[in-house]
1. How high is the relative contact order of region 84-311? Use alpha-carbon pairs under 8 Å, at least six apart in sequence, and give a whole percent.
2. How large is the translational diffusion coefficient of region 443-518 in µm² per second when you combine the Kirkwood radius over alpha carbon pairs with Stokes-Einstein at 37 °C and 0.692 mPa s?
3. Can you check how the C-alpha radius of gyration of region 161-221 compares to 2.2 N^0.38 Å, as a plain ratio?
4. Suppose we take every Cα in region 150-263 and form the convex hull; what volume per residue is that in Å³?
5. Could you give P(r) for region 95-207, binned at 5 Å from zero, as whole percent values over all Cα-Cα pairs?
6. Compute the distance from the alpha-carbon center of region 591-636 to that of region 505-519, in whole Å.
7. Quick one: which residues, 5 or more positions from Ser164 or on another chain, have an amide H under 5 Å from its amide H? H modelled 1.01 Å from N in the peptide plane, none for Pro or chain starts.
8. Using Cβ contacts closer than 10 Å as the measure, can you line up Val377, Val578 from fewest to most?
Amino acid sequence: MVRTGPVRCEDTMALETLFAAIVADLTLVRDAYEAAGLLRDSGHGSAAWTLFGGADGAERFRRDTLLADALVRNRVARLVFRRQGPSNIVVFGGNNVGKSTVVNVLAAATVAGTSPEGGHTRHAHAFTADPGALFAWNPYAFNRFRQVPSSQLAQSGFDGFAVSTITSDTLPPDITLWDSPDCDSVGSGRYLAAVVETATAADLIVYVTSVEKYAVNDLVEWLFDLTEAGIPILGCLNKTPRKDRALVMRRHEEDILPAVSRRLNRPAPSIRMVALRTMTEGEEADLWGADHPEAAELRDAAVAGAAPQDDAVAGRAALQAASERIDRVLEPARAELAVRAAWTETVGGAVAAFVATYESEYLTGDSVIDPFTKLNVQLLDLLNPEIPGLSEVMRGLRKIRRLPADLLKAGWRFISERTETVREADLAPELRAYAHAHRALLRAIHDRIDAERGAPRHHPFWDRLAVVWQQRAADLAEDFRRATERHMEQTDAEIRSAARDILKALEQRPGVLRLLRTVRLSTEMGGLLVGFAIPGHGHIGHDLLDRVVIAPLMMSATGAAADFAVEGYVAQRRSQIVEKLRAEARTIATGLYAAPLHAIGEEVFTAIGTLGLPQALLDRLPANLDRLRHAADRLA
């Protein structure tokens, strides 16, 4: 049968090209989701369960993804290709409602195998009098499935379907009947794709239900999905005692559909329902004879409902339904890109916090005294190592210069208390600042992981990262400890080099050198430096070079003719120490943290299975669906 379809014109080739691009992108999305297990497993703790906040959300996502893909290939295709071939009547419903029996009733012959046990049918199976290919007009229909001989169907994978040729005295020759698997039994997720593929190819769905199944929410929701996609539905009440039929049909129409409509905030479909008589013993072979007028009523209603439709109207309804689902379909791919961006932002923020903590605690304001104190003491040691108390001060400056593992472990485990092994106050000031910076970074990472995992819906990346983070944080702390040891050695060498350079420059200021040789040290018990003193001038604080060279307060002692070049050099050399310390902190943060943390992120993505769908595809697919809608409107 030739259907009313799009008129062939110059625009049609462009339409086919656009349609092919949409199908290709949907294929990439679906393949990525299949590989990641998102369309297979919705159980507790699965990726889909975590992403969508539970089994219900995961099941809804799986249904929407399969529907969007199949609607485009099987129904939106009617906007692009001229439809030919038989009409498809698909028998659809829950487990153990008698779908295969209804196929036989419609065919008025035993064509489909039946069983009193639920879940007997697990593959799509077509019964047709048409000898030609069922979907010759559409290269994309059933393109994810393999046609196998009907004798091999039960043993084939869930991607198999069969087509059996039948003759019927009661069905028109241009009608194909489809028996489809159930969509609600345990394990039905394995063959749900076959259910969706068959349903979206239908010209009419015969929805089979029973007194036990008519109020099952998941099954009723299918009626909303399929109706909104423009697929006509005829209800068939089966396996229901005569005394209950009228009540069940009334409740289905007046109570069940309106209740689900309110819950979903979607209009309720209007579905005609035909009741079949309950089968009695011995009737299995003939449920369509003269004693069963309801069988003829169902058959006539089905044939009338499958009459040729306006394919443009059907295609646009399917396109609208697919477009409405596309954001949800793309949600996992968008979430992956968002998580990558969030992890990059988290690492960048944590590294910045590391540098900021170090700078604020060691290189800002009064805290910058420590490197200058070291410089002053090194200079005095070069000038006059016999200054009383100098050796004690030198030992004091070399107090604990190695970060204890316990202290880093406290930061790693995010414990704020001090350890018994060593107090933070015993650390050299720079090392203490580094320890605080390290712990600030760890805390920033930990807080972000906890915040993300605390959300009811979150990406499984964060759960896996929490595990990997606990495994790797100890190694990170050890790498940090070794790096700070090297840094402290390099800092000491830099300060000694600066002291030698300054001493050489001060040879042009003999008065200053004479004054510096008279310096005495003020210390506390244990050699802790309190400040510097010069006989006749008293205590001059911690910053000896600033007071004596850069901004001298004792001109008579140093000489009135100041050499500004020397003063500038000394000030510059001191500033270079600070800038080198700042640059080294950034280098440590970048090399020690940024690169390893990004590597940990990639390791986690590899472990959980990355989708790898680019942003360009996520932008292009919805835009192309919109373009197709506008193009179809123009052609119509």
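1. For region 84-311, the relative contact order is 25 percent.
2. Stokes-Einstein gives a translational diffusion coefficient of 193 µm²/s.
3. So region 161-221 has a normalised radius of gyration of 1.32.
4. 144 Å³
5. 2, 12, 22, 27, 22, 11, 3, 0
6. Cα centroid to Cα centroid, the span is 67 Å.
7. Ala126, Phe127, Thr128
8. Val578, Val377
None of the figures in this text is laboratory data; all of them are computed from the coordinates on show. All values reported here derive from a predicted model rather than from experimental measurement. Every residue, glycine among them, receives a Cβ derived from its backbone with ideal geometry; neighbour counts consider all protein chains shown.
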